[in-house]
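Taken together, the values in this text are just the output of simple stated rules run on the coordinates, not laboratory data. Note that this is a predicted model, so its numbers are computed, not measured. Positions of Cβ are generated from backbone atoms using ideal geometry, with glycine treated the same way; all protein chains shown enter the neighbour counts.
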């Protein structure tokens, strides 16, 4: 009988502990289009997976091993994508965006993905993002944009945060 009570107590404790857990699914952080390992980090100012309220400001830091050109593209929780920074030259090290402006968090609420696309050489085309993207189309779009550049001269990384 004592064994049964102890087992029930342990099972109850585990159930209570597990009910308080939150499971987070991280978006794709390294992509097939990535090849050069040129980006060392991409993070929002409060850290990856952090939470921002509508109307708050967010800054994105991008660390790179070499100088080059970065484009930041945001994918909202509803699938709509837009360019935050386009073909901006950065030195090696850490650069924080935006420069000279602010990014204000706006609806829709949910997970906000930010993809950093880096090339050592100036891109020959401007990245034009218009419309809604699912995960497959989002990856295909990025790959098509960076494929003209040698793998050693490009990198693609992604981070995320939540909008409440």
Residues of region 66-83 with amide nitrogen under 19 Å from the 7 Å Cα-to-Cβ point of residue 121? 66-71
Residue 130 to residue 151: FRET efficiency via 1/(1 + (r/R0)^6), r the Cβ-Cβ distance, R0 22 Å, to the nearest 0.05? 0.20
Taking each pair of distinct Cα atoms in region 47-164 once, what is the resulting Kirkwood hydrodynamic radius in Å? 14.7
With the Cα gyration tensor of region 75-118 giving a ≥ b ≥ c as the square roots of its eigenvalues, does the rule (a/c under 1.5 for rounded; else a/b larger than b/c for prolate; else oblate) give rounded, prolate or oblate? prolate
